[in-house]
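The values are calculated or read from the model by the stated rules, or taken from the named source; none is laboratory data. Keep in mind the model is a prediction, meaning the values are calculated, not measured. Cβ sites come from the backbone with ideal geometry, for glycine too, and all protein chains shown count toward neighbours. Note: accessible area is taken over every heavy atom of the protein model, side chains too, but ligands, DNA and RNA are not part of it. Shrake-Rupley method; radii C 1.70, N 1.55, O 1.52, S 1.80 Å.
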Amino acid sequence: QVQLVESGGGLVQPGGSLRLSCAASGIIFSLYTMGWYRQAPGKQRELVATITSSSSTTYAASVKGRFTISRDNAKNTVYLQMNSLKPEDTAVYYCNADLIIRNIWGQGTQVTVSS
(Lines give C-alpha, C1' and ligand atoms only; values in the text may rest on other atoms or scores of the structure.)
Protein backbone atom coordinates (compact mmCIF):
# COMPACT_ATOMS: atom_id res chain seq x y z
CA GLN A 1 0.00 0.00 0.00
CA VAL A 2 1.35 3.37 -1.04
CA GLN A 3 1.36 5.68 1.94
CA LEU A 4 3.00 8.78 3.37
CA VAL A 5 2.55 9.30 7.10
CA GLU A 6 3.57 12.58 8.71
CA SER A 7 4.32 13.06 12.39
CA GLY A 8 5.93 15.58 14.72
CA GLY A 9 3.49 18.46 14.54
CA GLY A 10 2.17 20.26 17.56
CA LEU A 11 1.99 23.51 19.48
CA VAL A 12 5.20 25.49 19.96
CA GLN A 13 6.02 28.98 21.18
CA PRO A 14 7.49 31.59 18.84
CA GLY A 15 11.23 31.05 18.52
CA GLY A 16 10.88 27.35 19.23
CA SER A 17 11.70 24.30 17.13
CA LEU A 18 9.94 21.23 15.78
CA ARG A 19 11.03 18.34 13.60
CA LEU A 20 8.52 16.82 11.23
CA SER A 21 8.93 13.30 9.87
CA CYS A 22 7.31 11.62 6.89
CA ALA A 23 7.55 7.86 6.58
CA ALA A 24 6.92 6.39 3.13
CA SER A 25 5.77 2.90 2.26
CA GLY A 26 4.90 1.13 -0.96
CA ILE A 27 7.28 3.15 -3.14
CA ILE A 28 10.95 3.04 -4.13
CA PHE A 29 11.64 5.98 -1.86
CA SER A 30 15.16 6.72 -3.08
CA LEU A 31 13.90 7.56 -6.59
CA TYR A 32 11.44 10.24 -5.49
CA THR A 33 11.81 13.94 -5.02
CA MET A 34 10.35 14.54 -1.56
CA GLY A 35 8.78 17.78 -0.47
CA TRP A 36 7.07 19.57 2.35
CA TYR A 37 4.15 21.90 1.64
CA ARG A 38 1.91 23.83 3.98
CA GLN A 39 -1.55 25.32 3.96
CA ALA A 40 -2.70 27.97 6.39
CA PRO A 41 -6.41 28.65 6.97
CA GLY A 42 -7.90 30.58 4.06
CA LYS A 43 -4.71 30.33 1.99
CA GLN A 44 -3.50 28.17 -0.86
CA ARG A 45 -1.11 25.31 -0.30
CA GLU A 46 2.47 26.48 -0.76
CA LEU A 47 5.84 24.85 -1.22
CA VAL A 48 8.10 24.87 1.83
CA ALA A 49 11.07 22.74 0.77
CA THR A 50 12.07 19.91 -1.55
CA ILE A 51 14.89 17.39 -1.69
CA THR A 52 15.71 15.41 -4.81
CA SER A 53 16.90 11.83 -5.13
CA SER A 54 20.46 13.19 -5.22
CA SER A 55 19.74 15.31 -2.10
CA SER A 56 19.67 18.69 -3.81
CA THR A 57 17.46 21.01 -1.81
CA THR A 58 15.27 24.04 -2.46
CA TYR A 59 13.48 26.29 0.03
CA ALA A 60 10.79 28.91 0.01
CA ALA A 61 12.23 32.35 0.70
CA SER A 62 10.12 32.64 3.84
CA VAL A 63 11.80 29.64 5.51
CA LYS A 64 15.32 29.76 4.11
CA GLY A 65 17.88 29.78 6.89
CA ARG A 66 15.36 28.54 9.45
CA PHE A 67 14.15 25.21 8.05
CA THR A 68 16.22 22.24 6.89
CA ILE A 69 14.94 19.33 4.81
CA SER A 70 16.78 16.01 4.85
CA ARG A 71 16.16 12.39 3.93
CA ASP A 72 17.20 8.95 5.14
CA ASN A 73 16.76 6.49 2.29
CA ALA A 74 17.52 3.54 4.58
CA LYS A 75 14.49 4.49 6.68
CA ASN A 76 12.29 5.70 3.79
CA THR A 77 11.84 8.91 5.72
CA VAL A 78 12.09 12.63 4.99
CA TYR A 79 12.46 15.22 7.72
CA LEU A 80 11.83 18.92 8.13
CA GLN A 81 13.74 20.58 10.94
CA MET A 82 12.04 23.87 11.77
CA ASN A 83 13.86 26.41 13.92
CA SER A 84 13.07 29.98 14.95
CA LEU A 85 9.40 29.35 14.34
CA LYS A 86 7.07 32.29 13.81
CA PRO A 87 3.29 32.60 14.17
CA GLU A 88 3.06 32.87 10.40
CA ASP A 89 4.47 29.33 10.14
CA THR A 90 1.18 28.04 11.57
CA ALA A 91 -0.35 25.67 9.03
CA VAL A 92 -1.08 22.08 8.17
CA TYR A 93 2.15 20.62 6.80
CA TYR A 94 1.92 18.01 4.06
CA CYS A 95 4.52 15.56 2.81
CA ASN A 96 4.75 14.96 -0.94
CA ALA A 97 6.48 12.34 -3.06
CA ASP A 98 6.99 13.18 -6.72
CA LEU A 99 8.27 11.05 -9.61
CA ILE A 100 6.82 13.11 -12.50
CA ILE A 101 4.30 10.48 -13.55
CA ARG A 102 3.29 9.82 -9.97
CA ASN A 103 2.53 12.26 -7.18
CA ILE A 104 1.57 11.21 -3.67
CA TRP A 105 0.38 13.24 -0.66
CA GLY A 106 0.29 12.53 3.03
CA GLN A 107 -2.64 13.40 5.27
CA GLY A 108 -0.93 16.37 6.91
CA THR A 109 0.16 17.35 10.39
CA GLN A 110 -0.83 20.53 12.21
CA VAL A 111 1.84 22.97 13.34
CA THR A 112 0.71 25.84 15.55
CA VAL A 113 3.09 28.58 16.64
CA SER A 114 1.60 30.61 19.43
CA SER A 115 2.39 31.99 22.85
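Here are some notes:
- The range 1-65, accessible surface, carbon-and-sulfur percent (1.4 angstrom probe): 50
- Cross-link reach list, aspartates and glutamates versus K64, counting only Cα pairs under 16 Å and skipping chain neighbours closer than eight places: E46, E88, D89
- Between the range 74-115 and the range 15-57, the alpha-carbon center distance in angstrom: 5
- Vicinal HN-Hα couplings computed from phi for the range 97-111 (Karplus, 6.51 cos²θ - 1.76 cosθ + 1.60; Hz; Gly/Pro x): 10, 10, 9, 6, 8, 9, 9, 10, 10, x, 8, x, 9, 7, 10
- Point-charge dipole on Cβ atoms (K/R +1, D/E -1) for the chain, about Cα centre, debye to 20: 80
- Residue of L80, L11, L20 that the Gaussian network model of the chain assigns the largest fluctuation, springs spanning Cα pairs under 10 Å: L11
- Radius 15 Å from Cβ of G106, net charge of other residues (Lys, Arg +1; Asp, Glu -1): +2
- Local electrostatic count, S84, Cβ distance below 14 Å [Lys/Arg +1, Asp/Glu -1]: +2
- Förster-model FRET efficiency, 35 Å R0, Q1 and R45, C-beta, rounded to 0.05: 0.90
- Solvent-accessible surface of the chain, taken per residue with a 1.4 Å probe and all protein chains present: 52 Å².
- Taking Lys and Arg as +1 and Asp and Glu as -1, the other residues whose beta-carbon sits under 11 Å from that of P14 total -1.
- Here the simple spin-label model places points 7 Å from the Cα toward Cβ, and for N103 and A60 these points are separated by 1.6 nm.
- Computed label-point distance, nm, for sites S30 and A74 using a 7 Å Cα→Cβ extension: 1.2
- FRET efficiency for Q110 and Q13, using Cβ-Cβ distance with R0 set to 22 Å, rounded to 0.05: 0.90
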